[in-house]
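**Q** The structure under discussion is supplied below as structure tokens; questions concerning it will follow.
The values are calculated or read from the model by the stated rules, or taken from the named source; none is laboratory data. Note that the structure is predicted; figures quoted are calculated from it, not measured. Counting neighbours? That spans all protein chains shown, and the Cβs are built from the backbone with ideal geometry, glycine included. Surface areas here come from the heavy atoms of the whole protein model, side chains and all, with no ligands, DNA or RNA. Shrake-Rupley method; radii C 1.70, N 1.55, O 1.52, S 1.80 Å.
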Amino acid sequence: MIDFFGDLLVWFTEHWDGEDGYLWRTWNTVRLSALATFTAAIIAVPLGALLGHYRRFGVSAVAVVNIGRALPSFGIIALALPITIRIARNVPDGVPIFGSGLGFFPAFIALFLLALPPIFTNTYTGIREVDPGTVEAARGMGLTEGKMLRSVEVPLASPVIIAGLRISAVQVVATSPLAALVAYRGLGRFIVDGFSIQDNVQIFAGAVLVALLAVLTELSFGLLERRIVPRPLRTAERADSQESSLPVAP
């Protein structure tokens with residue numbers, strides 16, 4: 001065991017630089033994951049907020065969006081790869097539209113579909129569950145529907161919306177190593193290549209890097225929540241969670 005961790009330390013000191021180093025591959029993974037999550041948020045947050053505000057078509061929309069959760073990510077990657085190869089044949093040399101390898105586009109589609117459901121569902125639920133009395137009071141003050149959504153409902157639903165973003169981002173980071181199966185040069189390459197050459201140290205190092213990146217993603221969204229969510233809402237949320245954890249008297 002001591003020898004294994006010694007070899008692991010040596011691996012980290014020798015494989016950090018260059019396009020095959022873990023710093024560059026970490027950046028590739030962050031870029032892919034962030035782009036997929038950000039694109040999903042651009043679509044899911046406004047759509048979920050509008051449907052939650054007007055309380056229409058919510059069940060149908062949630063069912064459609066959840067298709068992305070039901071489909072296996074590896075299956076989506078495998079289906080999208082031939083399309084990517086065909087597109088790449090018609091693209092002039094030197095045009096960097098696929099990021100780090102042909103696997104970028106298929107992996108992006110799969111991760112985008114994976115990120116969409118939690119963001120949309122949390123946004124829709126958070127807006128819909130805003131206290132109706134508060135909404136009616138804002139409407140009675142003469143606020144337009146758009147102003148009420150932006151100034152009242154979205155701030156009140158922000159803890160739930162941020163939670164959906166956090167869940168999606170962590171899931172995307174944890175699933176991103178699958179992109180290595182279609183030649184994307186991210187952290188998953190260490191795991192795939194380690195299995196091919198039976199290098200347990202490299203496999204373990206790749207898994208540790210992915211896990212650390214997922215933990216950092218979780219912590220980053222925790223900091224984002226502190227900056228975006230109003231303090232009274234954070235306090236109320238903590239109070240509700242503590243109350244729900246208390247034992248019920250017989």
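**Q** Using 18 Å as the cut-off for backbone N distance, which residues of the stretch 67-87 belong to the label zone defined by a point 7 Å from the Cα of ALA183 along Cα→Cβ?
**A** 77-87
**Q** Here's something else I'd like to know. Considering only protein heavy atoms, with the full assembly of protein chains and a 1.4 angstrom probe, order GLU145, GLU136 by accessible area, largest first.
**A** GLU136, GLU145
**Q** Hey, another quick one. Debye sum, Cα scatterers, the stretch 95-191, no solvent: what log₁₀ I/I(0) at q = 0.10, 0.12, 0.15 1/Å?
**A** Summing over Cα pairs of the stretch 95-191 leads to -0.44, -0.55, -0.68.
**Q** When the expected Rg is taken as 2.2 N^0.38 Å, what fraction or multiple of it is the alpha-carbon Rg of the stretch 170-214?
**A** Expressed relative to 2.2 N^0.38 Å, the Cα Rg reads 1.04.
**Q** Relative contact order (percent) for the stretch 92-208, with alpha-carbon contacts under 8 angstrom and 6 or more residues of separation?
**A** Reported relative contact order: 31 percent.
**Q** In addition: How far apart, in nm, are the 7 Å Cα→Cβ label points at LEU35 and LEU212?
**A** Distance between the two pseudo-spin positions: 2.4 nm.
**Q** Around SER220, with a cut-off of 14 angstrom between Cβ atoms, what is the net charge of the other residues, counting Lys and Arg +1 and Asp and Glu -1?
**A** In short, +1.
**Q** Can you put HIS53, HIS15 in order of accessible area, largest first, using a 1.4 Å probe?
**A** Accessible-area ranking of HIS53, HIS15, largest first: HIS15, HIS53.
**Q** Something else now. When the distances between all Cα atoms of the stretch 136-236 are binned every 5 Å from zero, what whole-number percent does each bin get?
**A** Final binned percentages: 2, 12, 15, 14, 12, 10, 8, 7, 7, 5, 4, 2, 1, 0.
**Q** Average projected area of the Cα convex hull of the stretch 105-155, in nm²?
**A** 4.2
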